[in-house]
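What follows is a short report on a single structure.
The values are calculated or read from the model by the stated rules, or taken from the named source; none is laboratory data. Bear in mind that the values here come from a model prediction, so they are computed numbers and not experimental data. Backbone-built Cβ (ideal geometry, glycine too); neighbour counts: all protein chains shown. Surface accessibility is based on the protein's heavy atoms, side chains included, excluding ligands, DNA and RNA. Shrake-Rupley method; radii C 1.70, N 1.55, O 1.52, S 1.80 Å.
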Amino acid sequence: MANTRRAKPISQARAVPATAVHTIKVTLHGSRPPIWRRLEVPSSTPLQRLHHLIQAAFGWEDYHMWAFEAGRERYGLADRELSIRSAASKRLGDVAPIIGGRLGYTYDFGDNWEHDILVEAVSEAQPGTAYPRCLTGRRACPPEDCGGVWGYGYLVEILADPNHEEHEERLEWLGLDSAGQFDPAAFDLAEANKALTDYQSVLIQG
């Protein structure tokens, strides 16, 4: 179980130190009921790495293009035609340094999975604690390529109705034997943190 002791908040009047941690809530825009993850992430995390952390915590498979939106700027894999700057060049603490700061994150420019990122806290790292980590979350990640938020809602309806004309076809597409093998309400905190293990480091030794 993750250590959730309350960390010491950092004054918003001074620069974010190298050992600071952002608590962010990442919500899949338009999802009803809401699908979200609350993460503690080093403030020095480059946006390129933050992309991988979000992918891991949600359960996305990193198949598609992506970009962050910070004010009027977009960051991702640099693309002049799409006006996207390199996400490796900016850190989370640079683009959203204070509590209440917001970012957008879009994954898959076809299905257009938009995520709203809210900075809920900026605190000093706890000694001996490995970051990033997931504190909590709600609901399962939608399957890749299911048509965005609207398409996912339709998919859930089909899976819930064994008499729907597309029911068997969708089960086959998902590689499932029965609809009970996919629970849209499920969220496994341990699994989310396991997916983040390869990205973790201790900022302050205990």
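Worth a mention:
- If the chain linking residue 18 and residue 145 were pulled fully straight, counting 0.36 nm for each residue of separation and taking away their Cα-Cα distance, it would gain 42.0 nm.
- Computed accessible area, residue 187, all protein chains, 1.4 angstrom probe, square angstrom: 60 Å²
- Charge dipole of the chain (Cα centre as origin; +1 on each Lys and Arg Cβ, -1 on each Asp and Glu Cβ, all else neutral): 1780 debye, rounded to the nearest 20.
- Using R0 = 25 Å, the C-beta based FRET efficiency linking residue 29 and residue 86 works out to 0.55.
- For the pair residue 62 and residue 77 in one chain, pulling the backbone fully straight at 0.36 nm per residue adds 4.1 nm over the alpha carbon distance.
- Note on residue 138 and residue 94: the extension gain reaches 13.1 nm, defined as 0.36 nm multiplied by sequence separation minus the Cα-Cα distance.
- Ranking 151, 64, 89 by how far each Cα lies toward the positive end of the dipole of the chain (charges on Cβ) leaves 89 at the top.
- Cα centre as origin, Lys/Arg/Asp/Glu Cβ charges: segment 99-206 dipole, Debye: 820 debye
- Counting only protein heavy atoms and a probe of 1.4 Å, the accessible surface of segment 28-120 is 47% carbon and sulfur.
- Charged-residue dipole, Cβ positions (Lys, Arg, Asp, Glu), segment 34-119 about Cα centre, Debye nearest 20: 380 debye
- Accessible area per residue for segment 66-142 is 46 Å², calculated with a 1.4 Å probe on protein heavy atoms, without ligands, DNA or RNA.
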